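Everything on this sheet refers to the single structure shown next.
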Amino acid sequence: MGSISYGTTNIRYSVELRDRKTMAIEVHPDTSVKVIAPLDATPEKIQAKVEKRANWIARQQRAFTGKRKTIYQPEWVSGENIYYLGRQYRLKVENGEKKVKLAGKYLWVYVPDRRMKKEIERLVHEWYLGLARKKFQERLELLQPMLEREQLQMNSLIVRKLEKRWGSCTPKGNIVINSELIKAPIHCIDYVLIHELCHLKHHHHGPEFWKLLTKYCPDWTKVKDKLEVFLG
Ligand SMILES: [Zn+2]
């Protein structure tokens, strides 16, 4: 077990020695950190490696805690955080005729009975889906010059709730985007759209794919890290 200080926090890590040549660092969902190191690695070398990757480790840990505390297990009660285009709103649940409305810093949800959590969840997701369809189409239109320049053949844009990914691109040129992405800031939405558009040309994650992606989204690594926080 070792530890380093990074900013105002302490990063504690465990070490596992294995018969291998390089060092690897794992950050687990409970925020624990494990360093897997070659048999002959010295404690100093291991510590230096952790220091070098401290920024990355802290970011992974934040992504995990952020997920648990704020975005991912909503109770669907008043006072909860709701995200839309990267901005945070407060959920307000009231009794009334079914309706969802964004006003000021609040997302108002009206249901016949405030205890109808499943119904609140359904209404909010329906609201997200409607906004996502509109917004993603709008952003796609702004990417038209890229489609033309790279001669990308796109068939259709499908927006729906996906369980584990932000988007996909089928061999037939259908692009599917997760409606939940509407929670993230605009530049994250653009990144996912550009990523999937690049797959129209390269149906893999090989060097040519990353080259094309970097051409249209130079800071994609930063955006990708930010996006992890919003992953459901
Ligand atoms: Zn991809």
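The values are calculated or read from the model by the stated rules, or taken from the named source; none is laboratory data. Quick caveat, the model's predicted, so the values are computed rather than measured. Don't worry about glycine lacking a Cβ; one is built from the backbone with ideal geometry, like all the others, and counts go over all protein chains shown.
To keep it simple, each residue is scored yes or no on (1) closer than 27 Å to Phe230 by Cβ; (2) among the aliphatic types (A, V, I, L, M).
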{"residue": "Ser5", "(1), (2)": "no, no"}
{"residue": "Val15", "(1), (2)": "no, yes"}
{"residue": "Lys34", "(1), (2)": "yes, no"}
{"residue": "Ala37", "(1), (2)": "no, yes"}
{"residue": "Asp40", "(1), (2)": "no, no"}
{"residue": "Pro43", "(1), (2)": "no, no"}
{"residue": "Gln47", "(1), (2)": "no, no"}
{"residue": "Ile57", "(1), (2)": "yes, yes"}
{"residue": "Gln60", "(1), (2)": "yes, no"}
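Take the residues in segment 126-184 that are free of Cβ contacts under 8 Å to residues at least 24 places away in the same chain and of a type in the set (Ser, Thr, Tyr); name whichever of them is farthest from the ligand (Cβ to nearest atom). Looking at residues that are free of Cβ contacts under 8 Å to residues at least 24 places away in the same chain and of a type in the set (Ser, Thr, Tyr), I get Ser156. Residues that are exposed (fewer than 14 other Cβ atoms within 10 Å of the Cβ): list the strands (runs of 3 or more DSSP E) wholly contained in segment 66-170 that include at least 1 such residues. Counting at least 1 such residues, we get 81-84, 87-95, 99-103, 156-160.
Among (1) within 23 Å of Arg62 (Cα to Cα); (2) of a type outside the set (Lys, Arg); (3) assigned to a helix (DSSP H, G or I), there is one condition Phe209 misses while meeting the rest; what is its number? Among (1) within 23 Å of Arg62 (Cα to Cα); (2) of a type outside the set (Lys, Arg); (3) assigned to a helix (DSSP H, G or I), Phe209 violates only (1).
Of everything in segment 185-211 that is more than 15 Å from the ligand (Cβ to nearest atom) and among the hydrophobic types (A, V, I, L, M, F, W, C), the residue that is farthest from the chain's Cα centre (by Cα) is Ile186.
Among the conditions (1) under 20 Å from the mean Cα position of the chain (by Cα); (2) of a type outside the set (Gly, Ala, Ser); (3) surrounded by fewer than 16 Cβ atoms within 10 Å (Cβ to Cβ); (4) not in a helix (DSSP H, G or I), Phe230 misses just one, which is (3).
Yes or no: Arg165 modelled with pLDDT of 95 or more and among the basic types (Lys, Arg)? Against the criterion (modelled with pLDDT of 95 or more and among the basic types (Lys, Arg)), Arg165 does not qualify. The residues of segment 1-47 that are surrounded by 13 or more Cβ atoms within 10 Å (Cβ to Cβ), in a loop (DSSP other than H, G, I, E, B) and over 27 Å from the mean Cα position of the chain (by Cα) amount to a single one, Ala41. Residues in segment 77-97 that are touching an Asp or Glu at 6+ places or on another chain (Cβ under 8 Å) and over 13 Å from Tyr110 (Cβ atoms): 1 in all.
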